[in-house]
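Here the structure is laid out as structure tokens; the discussion comes afterwards.
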Amino acid sequence: MKGLIQRVSHARVDVAGEAIGAIDGGILLLLGVEATDSRESADKLLHKVLHYRIFSDEQGKMNLNVQQAEGGLLVVSQFTLVADTAKGLRPSFSRGATPQQAEALYDYFVAQAREKLATVASGQFAADMQVSLCNDGPVTFLLEV
């Protein structure tokens with residue numbers, strides 16, 4: 001499981017011109033699910049996302065996690081994150097989970113996040129989404145478990 005996290009001052013996801021998820025300050029997470037992933041993978045990645053220290057403390061040092069910074073989390077499914085790009089000029093998605101497995105793990109991840117963080121929004125699995133954000137910093141990390 002891979003998660004691309006971005007520290008944002010705001011982020012929003014639209015489907016068919018309508019906002020379906022939005023947060024003010026916090027983390028935008030683009031979530032990629034691989035064929036070998038499980039609920040255990042989702043739990044490990046969620047722990048990492050919620051505890052990764054990417055927010056500034058009083059001294060301006062990246063020392064706080066999203067919970068300590070009282071930020072939100074916007075989770076967006078992103079199957080292209082699991083693409084194999086090592087060879088050629090066309091990505092291979094052979095590492096990706098089946099749509100059914102990916103959707104189940106995505107839904108599980110979002111449900112678990114909602115139990116642990118006050119503000120959690122999400123995109124719509126397999127939809128044509130438009131994501132807008134203001135990357136704060138910019139701060140972006142690729143997390144893998």
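Each reported figure results from applying straightforward, stated rules to the coordinates on display, with no laboratory input. Everything quoted here is computed from the prediction, not taken from an experiment. FYI the Cβ positions are ideal-geometry reconstructions off the backbone, even for glycines, and counts take in every protein chain you see.
Observations on the structure shown:
- Cα shape, segment 30-85, gyration tensor, a/c 1.5 rule: prolate
- Put simply, the C-alpha atoms of the chain give a gyration tensor, and the ellipsoid matching it has half-axes of 24, 17, 16 Å, longest first.
- Relative contact order computed over the chain (Cα-Cα under 8 Å; 6+ residues apart), in percent: 39
- Cut-off under 5 Å, modelled amide H: who pairs with residue 20 long-range: 13, 14, 15
- Residue by residue, segment 31-46 carries 3J(HN,Hα) couplings of 10, x, 10, 9, 4, 8, 6, 8, 4, 4, 4, 4, 4, 5, 5, 4 Hz when phi is fed to the Karplus relation 6.51 cos²θ - 1.76 cosθ + 1.60 (θ = phi - 60°); x denotes Gly or Pro.
- Within segment 102-138, backbone nitrogen closer than 15 Å to the virtual label 7 Å beyond the Cα of residue 145 toward Cβ: 105-117
- Under 5 Å, built H, 5+ apart or other chain: amide partners of residue 95: 84
- By the Kirkwood approach, averaging reciprocal distances over each pair of separate Cα atoms, segment 89-145 gets a hydrodynamic radius of 14.3 Å.
- Rounded to the nearest 0.05, the FRET efficiency derived from the C-beta distance between residue 61 and residue 98 at R0 = 41 Å is 0.45.
- The DSSP beta bridges internal to the chain are antiparallel in roughly 75% of cases.
- Overall form of segment 63-121 per C-alpha gyration tensor (a/c, 1.5; a/b vs b/c): oblate
- Burial ordering of 12, 90, 39, fewest other beta-carbon atoms within 10 Å first: 90, 39, 12
- Near residue 73, the amide H atoms lying under 5 Å from its own belong to 27, 119, 120, 121; only residues 5 or more places off or on other chains count, and H is placed 1.01 Å from N.
- Using a Förster distance of 22 Å, the FRET efficiency for residue 118-residue 44 (Cβ separation, nearest 0.05): 0.50
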